[in-house]
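Okay, structure first, notes after.
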Amino acid sequence: MTLSEFDHFSAMQEAVRQAQSSLHPSNKIGAALWRDHDLIVSAPNVWLDALVPFESYEKIGNASPTIHAEVYAALLALKQGQALDGARLYVTDPPCPNCIKMMICAGVREIYIDLKGFEKDWYQRRSADFKMLSLELAEQAGVSVYRLIRDKAAQTVKLERLNAPLGAETDRVVQLTLQEKTELLAHLSQSQAVMCAIEVPGQGYRIYSDQCYQARGYEEHEDKYDPVLRSLNRLFMDVARDGYALAGQVIYCNGVPTSRELVNFIGLGQHVGLNIIDANHGGLHEGKAALQFLLESPLGPRFIV
């Protein structure tokens with residue numbers, strides 16, 4: 001889809017169209033990623049009903065079996081080799097802090113949120129998290145966030161800026177790049193932190209550790225969200241930022257990722273494997289329980305433990 005002259009209304013309508021196609025039983029969300037006048041990719045949120053029937057509402061570790069629309073769109077771009085650096089995100093609902101961290105890492109520079117999303121359940125329950133973390137994380141990373149008010153009759157929009165981005169460049173430093181697999185595995189096995197790696201054509205193995213984004217005034221507490229982007233999610237978004245197609249490859253982790261990372265991994269489809277070198281290491285946020293659940297599911301063969 002290409003717009004001859006950029007049209008915020010039509011760009012958001014694509015996200016709305018995706019939300020309408022969502023099979024999530026109770027919370028339908030859509031996202032669309034654009035560059036200039038061209039649609040890169042769009043997607044709804046996805047409930048993994050093949051693993052967890054909605055009626056049971058069983059969690060995978062401590063994560064709901066939902067891949068968020070923004071993340072699923074980025075994962076589709078990753079599978080297709082569509083670069084996201086400099087993209088604009090249009091989304092029907094306010095992004096949670098986890099999604100904001102991933103969009104920052106993917107190189108998204110502007111985020112537009114439909115007004116109606118601010119009236120829905122998540123924002124009513126989690127508005128403090130959106131203001132304290134989502135907006136702050138975006139501001140510190142130089143990402144502009146707007147509330148978009150659609151006039152359906154005139155097919156025009158009004159934009160309200162929600163933050164004042166500082167223009168900071170996000171940290172692209174990858175800890176290390178190694179050429180040999182034996183050297184990679186030796187390095188991963190020696191690390192105390194959970195780290196992940198993927199082979200990038202012509203570059204060798206990129207290695208990722210956790211990254212903490214800045215959120216001014218935020219005091220860390222025991223809650224669902226924090227400013228840290230975990231290593232596997234960071235790998236997904238950084239590779240998507242550069243436009244490498246991730247298919248037919250194996251991701252290496254020296255320990256067990258978090259529940260949310262494992263749920264997002266499922267969104268890559270069956271052509272990517274995950275090799276967990278030490279299943280006794282890591283596993284924050286009930287990651288080990290999530291891994292056990294997935295090993296016992298039809299998706300078990302995608303994991304090497």
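The values are calculated or read from the model by the stated rules, or taken from the named source; none is laboratory data. Since this is a predicted model, take the numbers as computed values, not measurements. Cβ sites come from the backbone with ideal geometry, for glycine too, and all protein chains shown count toward neighbours. In case anyone asks, the SASA skips ligands and DNA or RNA and just uses the protein heavy atoms, side chains included. Shrake-Rupley method; radii C 1.70, N 1.55, O 1.52, S 1.80 Å.
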- Item | For segment 74-127, average projected area of the Cα convex hull in nm² | 3.8
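If I take every Cα pair under 8 Å that is 6 or more residues apart in the chain, average their sequence separation and divide by the length, what percent do I get for the relative contact order?
17
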- Note on the structure: Quick P(r) readout (the chain; Cα-Cα; 10 Å bins; whole %) gives 6, 28, 37, 22, 6, 1, 0
- Message: Which residue fluctuates most in the GNM of the chain (Cα springs below 10 Å): 76, 184, 33?
- Response: 184
- Task: Using a 1.4 Å probe over the heavy atoms of the protein chains, calculate the carbon and sulfur portion of the accessible area of segment 86-156 as a whole percent.
- Result: 47
- Could you check which residue among 139, 183, 199 shows the biggest mean-square fluctuation in a GNM of the chain with a 10 Å Cα cutoff? 183
- Item | Accessible-area value, residue 195, 1.4 Å probe, nucleic acids and ligands omitted, Å² | 10
- Note on the structure: Those GluC sites (Glu not before Pro) from segment 13-102 that are DSSP loop and have at most 15 other Cβ neighbours within 10 Å turn out to be 55, 58
- Query: At q = 0.16, 0.20, 0.26 Å⁻¹, what base-10 log of I(q)/I(0) does the Debye formula yield for segment 7-67 when every alpha carbon is treated as an equal point scatterer in vacuo?
  - Reply: -0.57, -0.74, -0.99
- Task: Along Cα→Cβ, 7 Å out, is where each label goes; now give me the distance between the ones at residue 189 and residue 247 in nm to one decimal.
- Result: 3.4
- Item | Listed residue pairs exceeding 30 Å between alpha carbons, taken from 59/181; 59/101; 59/116 | 59/181
- Dividing the surface of the Cα convex hull of segment 88-213 by four yields a projected area in nm² of 10.2
- Task: Determine the per residue accessible area of segment 230-305 with all protein chains present and a 1.4 angstrom probe, expressed in square angstrom.
- Result: 35
- Query: Using the Cα atoms as the points, what is the convex hull volume per residue of segment 1-107 in Å³?
  - Reply: 105
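For segment 179-287, which trypsin sites (Lys or Arg not before Pro) are both in a DSSP coil and crowded by at most 16 other Cβ atoms within 10 Å? Mind showing how you got there, number by number?
On the way: sites: 181, 206, 216, 224, 230, 234, 241, 260; in loops: 216, 224, 230.
In loop regions of segment 179-287 (DSSP not H, G, I, E or B), the sparsely surrounded trypsin sites (Lys or Arg not before Pro) are 216, 224.
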- Task: Kindly provide log₁₀ I(q)/I(0) values, in the same order as q = 0.12, 0.18, 0.23, 0.25 Å⁻¹, from the Debye equation applied to equal alpha-carbon scatterers of segment 56-160.
- Result: -0.44, -0.96, -1.32, -1.42
- Query: Which of 153, 19, 215 moves the most in a Gaussian network model of the chain with Cα springs under 10 Å?
  - Reply: 153
- Quick one: plug the Kirkwood hydrodynamic radius of segment 190-274 (C-alpha pairs) into Stokes-Einstein at 25 °C, 0.890 mPa s, and report D in µm²/s. 176
- On the first, second and third principal axes, largest extent first, how far apart are the outermost C-alpha atoms of segment 265-305 in Å? 25, 18, 16
- Check: C-alpha center segment 52-124 vs C-alpha center segment 268-305, spacing in Å is 22
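222 nm [θ] for the chain, helices only, -39500 (n - 2.57) per DSSP H run of 4+, per residue, to 500?
-8500 deg cm²/dmol
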